[in-house]
Structure formats: structure tokens, C-alpha cells
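In what follows, a structure is listed as C-alpha cells, so that the remarks can point back to it.
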Amino acid sequence: MSSANFCSACGKALPQEAQFCNQCGFAVAQLAHPPAPQKDKWYHHPVVGLFMLFVVLQVFGLPLVWKNPRFSRSTKIVLTVLTILETAVLTFLTFGAVKTIFDHMLSESSELKSLLAY
Ligand SMILES: [Zn+2]
């Protein structure tokens, strides 16, 4: 006979589906169904982690990498260096693009000035 059919606090016989003992109020279901062990976090998946790191977060994703138990310490160091390099290159390219636009605007405004002068 299953022990789940009896209250483990007072020993009263209970219906199979009972969650609480109807005599003493003991929570039977909590003992019959212990909480499932925590699953691995979705963002600990290496592919998800790498996508988040390089595409979405860049240097801001580094804490995620360092907290990830699936990456070894050497992998974390390599990823950190790669991310910093990527951010440096992107920053350099962004400044280059802004400078190009700025130069273009300046030359246009000087053309405009020379047109207005006539
Ligand atoms: Zn009971």
C-alpha cells in the first residue's frame, strides 16, 4: 500500500488526489511531489551565449560569459579578448562613418556659401 494514501503527520487515510490532510491540514502534495531540480538556464547554452555576446550585447555580454558554467576559464579569456577587439573595431568604423558624413556636410555647406555669395 502506498504511503501517499496516508497523512504522514497524523496517519489518517486520504484520497489518492488529496493535497492536504482533511484531519490535520498537513500538505501531503508537497511531500509527494518534490520540486523538480532547476534546469540549465537557456542563456547558458553556448550558441545562445555567443550570439548574445557578439551580436546583441558585445562587451555588455561579458558578465553573462563569466557566469556561464559551461565555458572554461581559458574560453572565457579568449571570448573576452575577442569581444573587446570587436567593440574596438566597431567603434573605429562608427567614428569613420560619422567623420565621412561630417566632412560631406561641411563641403556641402561651403558649396552653399559659395552659391549664396554670387
Ligand atoms: Zn493528517
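Computed from the coordinates by the stated procedures, all read-outs in this text should not be read as laboratory data. Since this is a predicted model, take the numbers as computed values, not measurements. Don't worry about glycine lacking a Cβ; one is built from the backbone with ideal geometry, like all the others, and counts go over all protein chains shown.
General observations
- Taking amide H positions as modeled 1.01 Å from N, with prolines and chain starts lacking one, the residues under 5 Å from residue 6 and 5 or more places away or on another chain are 14.
- Backbone phi angles across region 66-73, fed through the Karplus curve with coefficients 6.51, -1.76 and 1.60 (θ = phi - 60°), yield HN-Hα couplings of 5, 8, 6, x, 7, 8, 6, 4 Hz in residue order; Gly and Pro are listed as x.
- Stretching the chain fully between residue 54 and residue 114 yields a gain of 17.0 nm (0.36 nm per residue, less the alpha carbon separation).
- Cβ-placed point charges (K, R +1; D, E -1), dipole of region 43-117 about Cα centre in debye, nearest 20: 560 debye
- Per-bin percent of Cα-Cα distances, region 43-117 [5 Å]: 3, 15, 18, 14, 9, 7, 7, 6, 6, 5, 4, 3, 2, 0
- By the beta-carbon count within 10 Å of each Cβ, the least crowded to most crowded order of 52, 105, fewest first, is 105, 52.
- Sorted ascending by nearby beta carbons within 10 Å, beginning with the fewest, 66, 42 become 42, 66.
- Cross-link partners of residue 76 among lysines (Cα-Cα below 21 Å; sequence separation of 8 or more within a chain): 41, 67
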